[in-house]
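The values are calculated or read from the model by the stated rules, or taken from the named source; none is laboratory data. Nothing here was measured: the structure is a model prediction, and the numbers come from that model. Methodologically, a virtual Cβ is constructed for each residue, glycine included, from the backbone with ideal geometry; neighbour enumeration extends over all protein chains shown.
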Amino acid sequence: MSLFVPDFSQLNVLVIGDLMLDQYWFGPTSRISPEAPVPVVRVQRHESRAGGAANVAVNLNSLGVRTVCSGVVGQDANGAELRELLEAAGISAAFTESSQPTITKLRVLSRNQQLIRLDTEEQLAADASDALVAEAATHISAAQVCVLSDYAKGSLASVGTLIRQCNAAGVPVLVDPKGVDFARYRGATLLTPNLAEFEAVAGVATDDADLVRRARELCEQLDLSALVVTLSERGMLVVSSSGDRILPARARQVFDVTGAGDTVIATLAAGMGAGLDVEAAAGLANLAASLVVAKIGAASVTPLELNLALHEHGEGGRGLLTREQALAVTREARQRGERLVMTNGCFDILHKGHVAYLQEAKARGDRLLVAVNTDESVARLKGPERPINTLEDRMAVLAGLASVDWVVPFAEETPADLIGEILPDVLVKGGDYQADAIAGAKAVLANGGSVEVLRFHEGRSTSAIVNSIRSRDPGTA
C-alpha cells in the first residue's frame, strides 16, 4: 500500500463530543517533600491545550481541514479559555454552555514524565446533551465528514440521534467509542476502539484470525461500513468491505500516548473525506499516531510532518503527482531546507542514457522532480507514431528509479509555466542548449536559482532505439 498525503484544505469536518481543557505544569524535581513521601516540583512554566473532542478538532485543523467543533462547556474561565484556544487556531467553536464546570485535566510533569493528574469534572445533565444535539444539527449538512468523540462524560448521551441525522444527510460518521454498549453506535460508518475496548464488547481474541472474525461479526451486528481497532505497539486492524489487514506500528520512541486516539480518528476522517479508501486513510492515521506519541501531551501532526516521515520510510510523497500535489510537496521540501532539482522530457523508451542523466541531475540537490510530456504533447513534438509508451507507463517507470523523487505530467508545448510555479533551486536540461534558452530558465534565474546543461551520452537515444527496431522488422509500429 503506497501512502500519500492528500490536500485537505477544501474539506469541512464537524467534530461533536466531550470537550476538555488540558492544563500542563512543567518543572524540575530534585527532592522529596518533608510533609509526605511525594516529589516536590518547582513549576517553571505552564500551558493549556484543547483536550477530548477539542483535541480531535485541533488535529484536523493541523492537517489543514476546515473544522467546526461542537460540545458542552461550563460558564467559567476554563470554558472561555478553551473557546479562545480553538478560535485562535481558526476552528469554529459551536459550543453549548452548561451549569456544570468545564471538564479540566491538570497534569504535572517533570523531566518529560507525568507525575500526577488532577481532574475537575461532573457528569453532564441530560438537557445539556439535548441542547448539544440541537446545536450540532445546524452544522451537519455543511460537513463532508462528522466525527463523534465519546469520552463517556455525557455529551453524547443522544449519540444515536446524531448518527441518524448524519446518515439522513449523507454524511459519513466516524465514532471513537467508550463503554461496553456499542449498540449505541449502530449505523455509524466506522468505529475506532482500542483493543481493550473492542475485547470488552466482542470478547477476547485467541489469535489474529479470531480477532478478524470477531471484528467482522461486530461490523455486521452494528451495521458498520468499517472497523479500525488500534492495537498499541502492534499497530491497527482495519476491517472493511474490501478486506482486512493489520497495519504494523511505525517504530518511534514513545513519550506520551495522551491523545493518540484523537490523532487516529482525525487523520482517518481527513483521509476518507479527501477520497482515500479506509485502508489508505488508516495507513496515514497509523503513521500520524507514531508521530504524536513522540510528543508531550495531547499533540497533533501536520502534513509536513507526515510527508517527512513518509520520505524517511522511503514511501509515499514520492512518485506520481498531479500539478497541485507537485506544488505542495516541493513547497514542503523547501520548508525542510532541501535543495530541489527539476528536469523535463518525453522519456518514451527509458535507456542507459536517461538513467545516467537523471543520476547526474539528482546529484545537484536533495530532491529530483521530473516533468513529463503528455501523450498529446509528445505526438506534437515527435510525430503521430509517438509515444511508444503511454504517459502512465512512462511516469511509472521513472518513479521506480532511485534517483527520481517525483514525476508530474505537463500538457503544454513547454513546461515553462510549471517550472515558473515550482521555481526549483536547480533546473537541469540535457543537450547543447544555451542556459538562458531553456524553457523556464528565466524564471528560475530571476528567483536566484541556477540552470545547468548536462551532456548527452553518445549513441543513446529513444529515436535511435525506435529506428533500430523498425529496421529489423519494418512491420513493427
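Only one of these is of a type in the set (S, T, N, Q) and assigned to a loop (DSSP other than H, G, I, E, B): Thr206, Thr138. Name it. Of the residues listed, the single one that is of a type in the set (S, T, N, Q) and assigned to a loop (DSSP other than H, G, I, E, B) is Thr206. Residues of the range 330-379 that are within 14 Å of Asp405 (Cα to Cα), part of a helix (DSSP H, G or I) and of a type in the set (Val, Ile, Thr): Thr330, Val355. Put simply, of Ala57, Ala50 the only residue that is in a strand (DSSP E or B), within 24 Å of the chain's Cα centre (by Cα) and either surrounded by 21 or more Cβ atoms within 10 Å (Cβ to Cβ) or not assigned by TED's automatic domain parsing to the domain that holds Glu332 (or both) is Ala50. For the range 361-378, a tally of residues being surrounded by fewer than 18 Cβ atoms within 10 Å (Cβ to Cβ) and more than 14 Å from Pro409 (Cβ to Cβ) returns 2.
Pairs are defined by a Cβ separation below 6 Å, a sequence spacing of at least 6 or placement on different chains, a first member in the range 198-227 that is under 15 Å from Ile246 (Cβ atoms) and of a type in the set (D, E, K, R), and a second member that is assigned to a helix (DSSP H, G or I) and modelled with pLDDT of 95 or more; the pairs so defined are Arg214/Ala202. Selection of strands (runs of 3 or more DSSP E) fully inside the range 1-44 by the criterion of at least 3 residues being farther than 17 Å from Leu106 by Cβ and within 37 Å of the chain's Cα centre (by Cα) returns 12-17. Within the range 402-426, the set of residues being part of a strand (DSSP E or B) and within 25 Å of Ala379 (Cβ to Cβ) comprises Trp406, Val407, Val408, Pro409, Phe410. Considering the range 79-101, and only residues there that are within 30 Å of the chain's Cα centre (by Cα) and within 30 Å of Val38 (Cβ to Cβ), the residue that is surrounded by the most Cβ atoms within 10 Å (Cβ to Cβ) turns out to be Leu82. Scan the range 102-117 and give yes if some residue there is assigned by TED's automatic domain parsing to the domain that holds Ala142, among the polar types (S, T, N, Q), crowded, with 16+ Cβ neighbours inside 10 Å and in contact with a Pro (Cβ under 7 Å, 6 or more places away or on another chain), otherwise no. The answer is yes, given that some residue of the range 102-117 is assigned by TED's automatic domain parsing to the domain that holds Ala142, among the polar types (S, T, N, Q), crowded, with 16+ Cβ neighbours inside 10 Å and in contact with a Pro (Cβ under 7 Å, 6 or more places away or on another chain). Restricting the first member to the range 270-294 and to residues that are more than 22 Å from Arg66 (Cβ to Cβ), and the second to residues that are β-branched (Val, Ile, Thr) and assigned to a helix (DSSP H, G or I), the beta-carbon pairs closer than 6 Å and six or more apart or on different chains are Ala289/Thr263; Ala289/Val264.
One residue stands out in the range 287-329 among those that are assigned to a helix (DSSP H, G or I) and farther than 18 Å from Asp7 by Cα: the one that is modelled with the lowest pLDDT, namely Glu312. Applying the set (1) among the small types (Gly, Ala, Ser); (2) surrounded by fewer than 20 Cβ atoms within 10 Å (Cβ to Cβ); (3) modelled with pLDDT of 85 or more to Ala282 leaves exactly one unmet item: (2).
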